[in-house]
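Below is one structure, written out as structure tokens, with a few remarks after it.
Read-outs throughout are calculated quantities, based only on the coordinates presented, and are distinct from any laboratory measurement. Keep in mind that this is a model prediction, so the values were computed, not measured. Here the Cβ positions follow ideal geometry from the backbone for every residue, glycine too, while neighbour counts run over all protein chains shown.
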Amino acid sequence: MNETPVMHKERIVKDDGRYLIFYYFGDEPAPEVQPSTPAHQPASPDKEKA
Amino acid sequence: VSELRWNPVLEEWVITATHRQDRTFFPPPEYCPLCPTKPGAFPTEIPAEEYDIVVFENKFPSLRREPPPPSVEGTDLYPVRPAAGVCEVVVYSSDHNGELATMPLGKIEKLVHVWADRFQELGSRPEVEYVFTFENKGKEIGVTLAHPHGQIYAYPYIPPVVERELRGCRNHYEAHGECLLCRILKDELADGRRIVAQNAGFVALVPFYARYPYEVHLFAREHRSAITDLDNEERRCLAELLQVVITKYNNLWNRSLPYIMVTHQRPTDGGDYPHYHYHIEFYPPYRTPDKLKYLAGSEAGAGAFINDTHAEDKARELRDTEPRTS
């Protein structure tokens, strides 16, 4: 069986409240995203199914 | 404005989403909203160029995490619900001109892992009962953005086609004590005439009951109910067979073939689905190099598909198209 690829996620929120997730694979940590506008904010986690 | 309206005749929900009339329609490449934002240029959806896969909420969603109240009041005859759920766009690459078939195998494998992650996250949301991953490719299918991408709809109900499949699979399971798709796969492998390609983890075939001439289904060899049940080797095998099938499609007539690709897997409504089997279905709209298979009177009005071809012939044609696998 193959090793599990290391998956990194960088989650931001757009001006209008929609989320966007960058997926990166590899041993290196995810690069810090430089948003195109200052209104992108880190997202809060969504509620989960009980 | 979006809402769910109940059709009491067919007993199914219809999503109304009037704001989608205004969605972006085939912009020129320099205004593609799925390309990375360039310095000094207009802001696209994606504010960075270096990534493997990007997922974001659709700007023109049919379903929303925080849906508005319905625009009309429901009645006992016509129940109405907010259009709760999530609609995501999955961008495969920052390259505007790519497509799945031309991407490295490793890239497609990463996409499979992202699909699994989205199934896990979206399926854990309390309002989501079904996570539906799909790709519409080609203007013949109604695609409005050429940039390579797929979509994910997280529905607050089990959609009708899946519900019907679940019922058929449950009926067979209760009558025979076996998974229906495991049985179909076993018989198809023994017969061989409708097999298109295969590897250690997946089998691609034109189903005996194909509705479209070049319809192909990819079945997990082992009994799996959802993408999260696949181990890493099975995910690699799925990526490899996806690449093989789509490359065959493109080599069939030496052009990029449009298709609808959908994933069918167990619901996320908390139910038990041991009778259901993970698989992917492709529906290319062409029946010859220059003739489309239209969904006309019989198909659209009666739900009765008429296929002008035999699955055995189309499977042989695809099997004989490069790349060939054992």
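Points worth noting:
- Selection count, segment B:205-241, where residues are surrounded by fewer than 17 Cβ atoms within 10 Å (Cβ to Cβ) and of a type in the set (A, V, I, L, M, F, W, C): 1
- Residue that is surrounded by the most Cβ atoms within 10 Å (Cβ to Cβ), among those in segment B:32-91 that are closer than 26 Å to B:Ser124 by Cβ and small (Gly, Ala, Ser): B:Gly85
- Scan of segment B:104-141 for residues that are within 14 Å of chain A (Cβ to nearest Cβ), out of contact with any Pro (no Cβ under 8 Å at 6 or more places or on another chain), surrounded by 18 or more Cβ atoms within 10 Å (Cβ to Cβ) and closer than 18 Å to B:Thr247 by Cα, ordered by number: B:Lys107, B:Ile108, B:Leu111, B:Val112
- Taking segment B:3-90 and the strands (runs of 3 or more DSSP E) fully enclosed by it, the elements with 2 or more residues that are within 25 Å of the chain's Cα centre (by Cα) and of a type in the set (Val, Ile, Thr) are at B:12-17, B:53-57.
- Qualifying positions in segment B:168-184 - of a type in the set (A, V, I, L, M) and free of Cβ contacts under 8 Å to residues at least 60 places away in the same chain: B:Ala175, B:Ile184
- Entry remark, segment B:9-61: residues being of a type in the set (Gly, Ala, Ser) and at the interface with chain A (Cβ under 9 Å from one of its Cβ atoms) number 1 in total.
- Meets criteria (surrounded by fewer than 22 Cβ atoms within 10 Å (Cβ to Cβ) and either in contact with a Cys (Cβ under 8 Å, 6 or more places away or on another chain) or within 20 Å of B:Pro267 (Cα to Cα) (or both)) for B:Asn199: yes
- Filtered residue count, segment B:89-127, keeping only those that are free of Cβ contacts under 8 Å to residues at least 60 places away in the same chain and either among the hydroxyl-bearing types (Ser, Thr, Tyr) or touching a Leu at 6+ places or on another chain (Cβ under 7 Å) (or both): 5
- Residues that are in contact (Cβ under 8 Å) with a residue 24 or more places away in the chain and acidic (Asp, Glu) within segment B:213-267 comprise B:Glu215, B:Asp229, B:Glu233, B:Glu234, B:Glu240, listed in sequence order.
- Some residue of segment B:75-90 being closer than 30 Å to B:Leu252 by Cα and within 13 Å of chain A (Cβ to nearest Cβ): yes
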